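Everything below concerns the one structure shown next.
The values are calculated or read from the model by the stated rules, or taken from the named source; none is laboratory data. Source: prediction; values computed, not measured. Cβ: placed from backbone, ideal geometry, glycine included. Neighbour counts: every protein chain shown.
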Amino acid sequence: MTEQIPPSNSPAQFPEELALEVRRLAHDLSNALEIIVQTSYLLSMAELKGPAADWLRMLDGGVEKALGLNSQLREYVKKHSPH
């Protein structure tokens, strides 16, 4: 289960410079995660057996969590950034 970022009840906004930097980092993280997702897919084509198949499932689970957290981060920054 992915831990959710609690919604903020205050109208506080990130300073524009900070928001831009966090967005840049989240974008770069997305690109790095995409490499891992594609590599995981290619490994799944190899029809791994035994412990290797278990490790691939663990990798896929970790990647899904990381993608979800990155998405939450991007939404949070978007919600709390000047438009």
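No other residue among S40, S71 is touching a Leu at 6+ places or on another chain (Cβ under 6 Å) and not in a loop (DSSP other than H, G, I, E, B) apart from S40. For the range 25-83, the candidate set comprises residues that are aromatic (F, W, Y) and exposed (fewer than 14 other Cβ atoms within 10 Å of the Cβ); within that set, the residue that is modelled with the highest pLDDT is W55.
The rows are residues; the columns are (1) touching a residue at least 12 places away in the same chain (Cβ under 8 Å); (2) under 26 Å from H80 (Cβ atoms).
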{"site": "F14", "(1), (2)": "yes, yes"}
{"site": "A32", "(1), (2)": "no, yes"}
{"site": "I35", "(1), (2)": "no, no"}
{"site": "A46", "(1), (2)": "no, no"}
{"site": "P51", "(1), (2)": "no, no"}
{"site": "M58", "(1), (2)": "no, no"}
